[in-house]
Amino acid sequence: MALACAATAFLGFAPTYWMPLVHRTFSASPVIHFHGLLFFTWTLYFVLQTWLAASGRVVNHRALGIAGVSLATAMTIFGFLASVTSMKHAAALGQTDAGIAFSIVPMSGIAFFAIVFVLAIMNTRRPEIHKRLMLLAAVSILDAAIARWFLTFLAPPGPPGPPPVPVTIAPAVVASLLLVVAMVRDWRTEGRVHPVYIYGTLAMLAVKFLNWPTSETAAWHSFAGGILALAQ
């Protein structure tokens, strides 16, 4: 599952980041590049930690856990900064309201990741819970990668700028299929699906679906607009 998450992340960003980067046609602020570096590092770190635990090298796995805490903290900070940078970019294009509305997607996504990661750290002595929470955290940030394929092949032509919030729901549903695979594994080997997968998947999808109505509220525009004003 860790390898599947890593492959999804790297292949997802291939058409909009890796290939343009190779051809030197991609231009973005240093914040966006560092944000990408941290998140791709996370996918490799997740594979390494999973391999260490699965091969019985639990001591090494725990020793590297401190690095994971630092990495996840940096991801949370730069995930927030990247969303602010995207809002500023949208404002520069004259699409301030659209940028503010869309900012709920990355902000809620990184908040969900951070909360699940903290819960995973709190349950390090309960490996059956810990490893499932870590997978949930990893899957929760894959919708951004999957969305790049939706945008590449399905987005209608138009001016650059943030997409409508509702279009982010489908990639999140696709990402959740990885958790469905894990549920099937649980059911076949354990005879039941672990509650972390059930409640975690429902919570993740609830956040993605609620982003749409919340992004249109005056409260969100006041909150995110205030952050944008401070950043400019």
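Please identify, among Ser83, Ser29, Ser176, the residue showing maximal mean-square fluctuation in a Gaussian network model of the chain using a 10 angstrom Cα cutoff.
Ser29
Skip the ligands, DNA and RNA, and give the accessible area per residue of the chain with a 1.4 Å probe, whole Å².
On a per-residue basis, the chain sits at 54 Å².
Please pull out the direction-averaged projected area of the range 1-77, using the convex hull of its alpha-carbon atoms, in nm² to one decimal place.
5.6 nm²
If you take the C-alpha gyration tensor of the range 35-170, multiply each eigenvalue by 5 and take the square root, what semi-axes do you get, largest first, in whole Å?
Semi-axes from the Cα gyration tensor: 33, 15, 12 Å.
Could you identify which residue out of Arg57, Arg24, Arg125 has the top mean-square fluctuation in a GNM of the chain using Cα springs shorter than 10 Å?
Answer for the Gaussian network model of the chain: Arg24.
Note the per residue figure in Å³ for the convex hull of the C-alpha positions in the range 115-218.
In the range 115-218, the Cα hull volume divided by residue count equals 112 Å³.
Taking K and R as +1 and D and E as -1, what net charge do the other residues with C-beta under 13 Å from the C-beta of Trp18 add up to?
Net of charged neighbours comes to +2.
Anything in the chain that counts as a DSSP H helix reaching 24 Å or more along its axis (C-alpha) with Kyte-Doolittle mean of at least 0.5? List them, would you?
In the chain, the long hydrophobic H runs are 30-54, 58-92, 104-122, 169-190, 195-215.
Find how many whole Å separate the alpha carbon centroid of the range 102-139 from the alpha carbon centroid of the range 33-50.
Cα centroid of the range 33-50 versus Cα centroid of the range 102-139: 14 Å apart.
What do you get for Rg/Rh of the range 33-96 when both radii come from the Cα atoms and Rh is the Kirkwood radius?
Rg/Rh for the range 33-96 comes to 1.22.
Accessible area of the chain with a 1.4 Å probe: how many percent of it is carbon plus sulfur?
Roughly 72 percent, rounded to a whole number.
Run the numbers on the range 32-184 and let me know its relative contact order in percent, using alpha-carbon pairs under 8 Å that are six or more apart.
Computed value for the range 32-184: 20 percent relative contact order.
How long are the three semi-axes of the equivalent ellipsoid of the range 163-216, in whole Å, if each is the root of 5 times an eigenvalue of the C-alpha gyration tensor, listed from largest down?
Semi-axes, largest first: 27, 11, 4 Å.
List the trypsin sites (Lys or Arg not before Pro) in the range 177-232 that DSSP assigns to loop (not H, G, I, E or B) and whose Cβ has at most 15 other Cβ atoms within 10 Å. Which are they?
Here the trypsin sites (Lys or Arg not before Pro) that fit, given the DSSP loop and packing criteria, are Arg192.
The values are calculated or read from the model by the stated rules, or taken from the named source; none is laboratory data. From a predicted model like this one, the values you see are computed outputs, not experimental measurements. Counting neighbours? That spans all protein chains shown, and the Cβs are built from the backbone with ideal geometry, glycine included. In case anyone asks, the SASA skips ligands and DNA or RNA and just uses the protein heavy atoms, side chains included. Shrake-Rupley method; radii C 1.70, N 1.55, O 1.52, S 1.80 Å.
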